[in-house]
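The values are calculated or read from the model by the stated rules, or taken from the named source; none is laboratory data. Values in this document were obtained by computation on a predicted structure and should not be read as measured data. Here Cβ is always computed from backbone atoms with ideal geometry, including for glycine, and neighbour counts include all displayed protein chains.
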Amino acid sequence: MKKTITLVAAAILSGGMAASQGVSEQSKAVMENIFTRSSVREYVEGKKIKVDEYIEPLLRAGMSAPSAMNRQPWEFIVITDRERLANMSEEFKNASYLKSAQFAIIVCGNLKEAIEGEGKEYWVQDCSAATENILLAAHSMGLGAVWCGIYPIEERTKALQSFLSLPEYIIPLNIIPVGVPANKQEPKDKWKKEKIHWEKFGNTDKKVMEIDRNTIQIKQNAAKITPSKTAKPTKQKNKTKADDKKTSK
């Protein structure tokens, strides 16, 4: 696990990994980081860390997320003040873990930079992708973090806007407490094959789908070799003896 953390963290700090197809040591490290991430809600209170060394890599990871039309409608608010973290933990009960966290990141959507029209709500997807990147990056560096939802619950959204003095067009999506994990936490195994559908919804058995494909292929092949009903019969070119007599007269 230590090797995994080192490889992934180094990749984030250096600006990325070499793009190559197939399974490599680097891809294994990335996948291991994803598989072992879990929501950490308890941190070593009072543990001193060099917060500034973590902030930029985490935010670089967040800003590397995909964004619809590359609008990047996100804003990130970093909280490091201990008193402010404690006050937030009292104000927002679903983020009470802030009290012992070393710092926090609030991911917000900027509606002025969001797509106009029906795509306006894509800011939520963009900021969610950024949030997951931050969570994975934190885990890769040996830190723990958890996604504490704010939007779309109106009461929480307005309360945090007020607490952080946010303008109306800045919408807080979540609060991410980040810190040194107090306990080793085993990740949940969320792999469920029944959640996978092949080619269309309901085909959860790949073998069944493969049989269906073969059946379709057989029918298609049969259609190719079956004469068309509308095709005109070809005239016989071979002459009969009667024809020969007619032509000889």
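Against the list (1) at pLDDT 95 or above; (2) hydroxyl-bearing (Ser, Thr, Tyr); (3) farther than 30 Å from ILE106 by Cα, the condition THR204 fails is (1).
Based on what the data block shows, is ILE77 over 20 Å from the mean Cα position of the chain (by Cα), surrounded by fewer than 16 Cβ atoms within 10 Å (Cβ to Cβ), in contact (Cβ under 8 Å) with a residue 24 or more places away in the chain and part of a loop (DSSP other than H, G, I, E, B)? Spelling it out, it is not the case that ILE77 is over 20 Å from the mean Cα position of the chain (by Cα), surrounded by fewer than 16 Cβ atoms within 10 Å (Cβ to Cβ), in contact (Cβ under 8 Å) with a residue 24 or more places away in the chain and part of a loop (DSSP other than H, G, I, E, B). Condition (residue is over 25 Å from SER39 (Cβ atoms) and touching a residue at least 24 places away in the same chain (Cβ under 8 Å)) applied to region 135-147: is it met by at least one residue? No: zero hits.
To keep it simple, each residue is scored yes or no on (1) assigned by TED's automatic domain parsing to the domain that holds LYS99; (2) more than 24 Å from the chain's Cα centre (by Cα); (3) modelled with pLDDT of 95 or more; (4) over 26 Å from TYR43 (Cα atoms).
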{"residue": "GLY109", "(1), (2), (3), (4)": "yes, no, yes, yes"}
{"residue": "GLU121", "(1), (2), (3), (4)": "yes, no, yes, yes"}
{"residue": "THR131", "(1), (2), (3), (4)": "yes, no, yes, no"}
{"residue": "VAL146", "(1), (2), (3), (4)": "yes, no, yes, no"}
{"residue": "LEU164", "(1), (2), (3), (4)": "yes, yes, yes, no"}
{"residue": "PRO172", "(1), (2), (3), (4)": "yes, no, yes, no"}
{"residue": "GLN185", "(1), (2), (3), (4)": "no, no, no, no"}
{"residue": "MET209", "(1), (2), (3), (4)": "no, yes, no, yes"}
{"residue": "ASP212", "(1), (2), (3), (4)": "no, yes, no, yes"}
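In region 165-205, how many are buried (at least 16 other Cβ atoms within 10 Å of the Cβ) and outside any strand (DSSP E or B)? Counting residues in region 165-205 that are buried (at least 16 other Cβ atoms within 10 Å of the Cβ) and outside any strand (DSSP E or B) gives 3. With respect to the conditions (1) in contact with a Ser or Thr (Cβ under 8 Å, 6 or more places away or on another chain); (2) outside any helix (DSSP H, G or I), ILE49 lacks only one, and its number is (1).
Looking at region 98-117, can you tell me whether even one residue there is in contact (Cβ under 8 Å) with a residue 12 or more places away in the chain, part of a helix (DSSP H, G or I) and surrounded by 20 or more Cβ atoms within 10 Å (Cβ to Cβ)? There is at least one residue in region 98-117 that is in contact (Cβ under 8 Å) with a residue 12 or more places away in the chain, part of a helix (DSSP H, G or I) and surrounded by 20 or more Cβ atoms within 10 Å (Cβ to Cβ).
Among the numbered conditions (1) over 19 Å from MET69 (Cβ atoms); (2) assigned to a strand (DSSP E or B), the only one that ALA137 does not meet is (2). Here is a check on your reading of the model: is VAL30 surrounded by 15 or more Cβ atoms within 10 Å (Cβ to Cβ) and outside the structural domain of GLU121 (by TED's automatic domain parsing)? So VAL30 fits the description; yes.
On the stretch given as region 60-74, residues that are part of a helix (DSSP H, G or I) and either surrounded by 18 or more Cβ atoms within 10 Å (Cβ to Cβ) or outside the structural domain of ALA145 (by TED's automatic domain parsing) (or both) total 2.
Note on region 80-97: among residues that are of a type outside the set (Ser, Thr, Tyr) and not in a helix (DSSP H, G or I), the one that is farthest from GLN161 (Cα to Cα) is ASP81.
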